[in-house]
1. Considering the options Ile24, Ile116, Ser7, tell which one lies farthest towards the positive end of the dipole of the chain, charges being +1 on Lys and Arg and -1 on Asp and Glu at the Cβ, about the Cα centre.
2. In which sequence would Ile79, Ile145 go, from the one with the fewest C-beta neighbours within 10 Å to the one with the most?
3. Just add up the charged neighbours of Phe91: K/R +1, D/E -1, any other residue whose Cβ is under 15 Å from the Cβ of Phe91.
4. Please get the size of the charge dipole for the stretch 28-123, origin at its Cα centre, with Cβ charges of +1 on Lys and Arg and -1 on Asp and Glu, quoted in debye to the nearest 20.
5. Given Cα pairs under 8 Å that are at least 6 residues apart, what percent is the relative contact order of the stretch 44-144?
6. If the elastic network links every pair of Cα atoms under 10 Å, which of Tyr126, Tyr11, Tyr98 fluctuates the most in the Gaussian network model of the chain?
7. Output wanted: per-residue J couplings in Hz (rounded whole) for the stretch 99-107, from phi through Karplus 6.51 cos²θ - 1.76 cosθ + 1.60, θ = phi - 60°, x for Gly and Pro.
8. Hey, got the dipole for the stretch 33-74? About the Cα centre, +1 on K and R Cβ, -1 on D and E Cβ, debye to the nearest 20?
Amino acid sequence: MKALVCSVCGYVHLQNVAPDTCPICGAPSKEFSLKEDALKTKDDIVTVGETEKKHLPVITIENKNCCGDQGCKEIRAKIGELIHPMKPEHFIFKIVFYADKNFIGHISLTPSLNPIGTICIGNVEYKKISVVAHCNIHGNWISEI
Ligand SMILES: [Fe+2]
């Protein structure tokens, strides 16, 4: 799947026009370029094998009232259905969250952590939540819910 990608930090933008600045590293819009293979999706894959099962984010949304904001929702992203390995030479280094294709947050990981991230979006309804997992070897993988 093609998308605009920041050449400085690798952030993948899910909209058609580059942002004024990268929401992760602050690079200006000129650092964004369209990459044909920016994201791998479930639909790009003909046969879902072990590699796909280890990279496609598994997203769950729960009403947890986790922050005291009545009705707030926790978004949890696990990478993936079979948990991705976390070794210094091969790991998930970033999980990025989007609401209705807008960046809402990211989590940076080291190999000492498990590839799971949660955020609280408060008491807000969105049509679509997207999560991109960044693997240092196998690229960027998106799931949507
Ligand atoms: Fe990987």
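Just so you know, all these numbers are worked out from the coordinates, no wet-lab data involved. For clarity, every value in this text was computed on a predicted model and none was experimentally measured. So basically every Cβ, Gly included, is an ideal-geometry build from the backbone, and we count neighbours across all protein chains shown.
1. Ile116
2. Values: Ile79 28, Ile145 14.
Taking fewest neighbouring Cβ atoms as first place, the list is Ile145, Ile79.
3. +3
4. Values: 13 positive and 13 negative charges, 38 e Å.
Computed charge dipole of the stretch 28-123: roughly 180 debye.
5. Relative contact order, the stretch 44-144: 30 percent.
6. Top of the fluctuation ranking is Tyr126.
7. Each residue's phi maps through the Karplus curve to give 10, 6, 6, 9, 4, 10, x, 8, 10 Hz.
8. Values: 7 positive and 9 negative charges, 21 e Å.
Taking the Cα centre of the stretch 33-74 as origin, the dipole is about 100 debye.
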